[in-house]
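The next block holds one structure in the form of structure tokens; read it before the comments.
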Amino acid sequence: MNDAVRNDTGMITPPAMLGILGGGQLGRYFVMAARTMGYRTTVLEPDPHSPAGKVAHVHLVAAYDDTAALEQLAATCAVVTTEFENAPAAAMAQLAAHVPVRPSADALAITQDRIAEKQFLVDIGVSIAPYVAIITDDDVRAASTFTFPAVLKTARLGYDGKGQVRCPSHAELDAAWEQLGRVPCVLEQRLALQRELSVVLARTVDGTTACYPVSQNQHVHGVLDVSYAPANLPGSGQADAAELCTYIADELQFVGVMAVEMFVVGRDVLVNELAPRPHNSGHYTLDACLTSQFEQQVRAVCGLPLGDTRLLVPGVAMVNLLGDLWANGEPKWERALASPAAHLHLYGKPEPRPGRKMGHLTVTTGTPMGATSLAR
Ligand code: ATP
Ligand code: MG
């Protein structure tokens, strides 16, 4: 079954079944891109009302480590990928015995653990913010020599700024650790950021890579608020960022689409974190690039040639639509859609809880800054 859809070039071609762990909006766009190209899709996701499950050909409503569900994925899919870094590496390893898993369980194991990820970045010579691992009471005591202010982050399962507590000084560290449940953490120096950048890139099995233009990101309360592209970088900034991120993907032997989040501090570019999947800051590619990051994910995991990542407009901005916007009922979309340059995306989530990413709005017009103010 799986072999029948692999042609002699090793490409997985339509109408092969593609599997994905996770049913959020990133999975939804993967499914839609795959469907557009004529593939079939199976989503493994425990939430019966998930954004991706609703549009997939097959939705396995089961836990990510459910043996029977994993067996079905392995038996019916030509390749399996993921839309979130917390897909259990053990489940991916189990699948990998029967079906190509891209990215690999090893790459996921690194990117789902901040301690492993930072160690990896240091080992390959990439600059990151000063940090120490906090695993034991001794680590808390020893951190008295660390430079504060700092932020304590759980090593695993953090997202959208969750699982983080600020520590103005060493005196607050123990209480901060207590608040996070005394799980393994990283204590990171809190830096004065000039700006935040990210690069989404794709890498294939044979090591071919393609980067999207660098985007500049603004966060509010730890959650991405606005992203615009291309970031206005001096000199060879775009090419330098692409080179750095390609190097990281190569060292990670990454296959699929990944994102690299960066901090600009003074003259330095420090890597904040890696996301082993398409990224919120790459949503602009849906409306503004020749190939969206999700079509690119399909291409990368299926072994197809990567698509052209060129930006089709001079500037594009994306604003996230959080559940807070629904406080007084359905937002007035007619206002947002009044501009012909505005593109509305809603993910079909039933409950608009505060802080929950419900959708986004992209504006493709003029300069990145012009698009940003229009989007706001
Ligand atoms: P996301 O899922 O949105 O990527 P996350 O929960 O994985 O977020 P981080 O990316 O580590 O967490 O942090 C979220 C945001 O908090 C960063 O984008 C940045 O704005 C701010 N932040 C994190 N670490 C630092 C730091 N060391 N110094 C200054 N600001 C920071
Ligand atoms: Mg982040």
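For the reader, a short list of remarks on this structure follows.
- Residue that is within 16 Å of ligand 1 (Cβ to nearest atom), small (Gly, Ala, Ser), open to solvent by less than 20 Å² (accessible area, probe 1.4 Å) and closer than 25 Å to residue 183 by Cβ, where the choices are 143, 107, 133, 91: 143
- Taking first residues from the range 51-76 that are touching a residue at least 12 places away in the same chain (Cβ under 8 Å) and partners that are open to solvent by 30 Å² or more (accessible area, probe 1.4 Å) and part of a strand (DSSP E or B), the Cβ contacts under 6 Å between residues at least 6 apart in sequence or on separate chains come to 53/59; 57/40.
- Selected residue (criterion: surrounded by the fewest Cβ atoms within 10 Å (Cβ to Cβ)) from residues of the range 206-232 that are touching a residue at least 24 places away in the same chain (Cβ under 8 Å) and of a type in the set (A, V, I, L, M): 223
- Inter-residue pairs, beta-carbon under 8 Å, first within 23 Å of residue 23 (Cβ to Cβ) and in the range 257-283, second within 8 Å of ligand 1 (Cβ to nearest atom) and of a type in the set (A, V, I, L, M, F, W, C), 6+ apart: 258/275; 259/275; 280/224; 281/224
- Of the helices (runs of 4 or more DSSP H) that lie entirely inside the range 77-143, those containing 1 or more residues that are in contact with a Lys or Arg (Cβ under 8 Å, 6 or more places away or on another chain) span 114-123.
- Condition check for residue 119: surrounded by fewer than 21 Cβ atoms within 10 Å (Cβ to Cβ) and in contact with a helix residue (DSSP H, G or I) (Cβ under 8 Å, 6 or more places away or on another chain): no
- Residue list for the range 157-188, filter: of a type in the set (A, V, I, L, M), within 16 Å of ligand 2 (Cβ to nearest atom) and open to solvent by 60 Å² or more (accessible area, probe 1.4 Å): 157
- Residues satisfying the stated conditions in the range 148-175, i.e. within 14 Å of ligand 1 (Cβ to nearest atom), over 25 Å from residue 89 (Cα atoms) and aliphatic (A, V, I, L, M): 150, 151, 165
- Residue check, residue 270 more than 17 Å from the chain's Cα centre (by Cα), within 11 Å of ligand 1 (Cβ to nearest atom) and closer than 22 Å to residue 119 by Cβ: yes
- If you check 200, 151 for being within 16 Å of ligand 2 (Cβ to nearest atom), under 23 Å from residue 246 (Cβ atoms) and open to solvent by less than 70 Å² (accessible area, probe 1.4 Å), only one passes: 200.
- Within the range 118-130, the set of residues being of a type in the set (A, V, I, L, M, F, W, C) and within 11 Å of ligand 1 (Cβ to nearest atom) comprises 128, 129.
- The set of residues in the range 239-289 that are at pLDDT below 95 and within 12 Å of ligand 2 (Cβ to nearest atom) is empty.
- Taking the criterion of being at negative phi, touching a residue at least 40 places away in the same chain (Cβ under 8 Å) and open to solvent by 10 Å² or more (accessible area, probe 1.4 Å), the residues of the range 290-304 that qualify are 292, 295, 299, 304.
- Failed item, numbered, when residue 375 is tested on (1) crowded, with 20+ Cβ neighbours inside 10 Å; (2) modelled with pLDDT of 90 or more: (2)
- Subset tally (residues that are open to solvent by 20 Å² or more (accessible area, probe 1.4 Å), aliphatic (A, V, I, L, M) and in a loop (DSSP other than H, G, I, E, B)) for the range 318-364: 3
- Scanning the range 317-362 for residues that are within 18 Å of residue 285 (Cβ to Cβ) and acidic (Asp, Glu) yields a count of 0.
- When each of 33, 16, 78 is tested for being modelled with pLDDT of 95 or more and touching a strand residue (DSSP E or B) at 6+ places or on another chain (Cβ under 6 Å), the lone residue that passes is 78.
The values are calculated or read from the model by the stated rules, or taken from the named source; none is laboratory data. Everything numeric in this text was worked out from a predicted model, so none of it was measured. Note: ideal-geometry Cβ built from the backbone for every residue, glycine included; neighbour counts use all protein chains shown. What goes into the accessible areas is simple: the full protein's heavy atoms, side chains included, and nothing from ligands, DNA or RNA. Shrake-Rupley method; radii C 1.70, N 1.55, O 1.52, S 1.80 Å.
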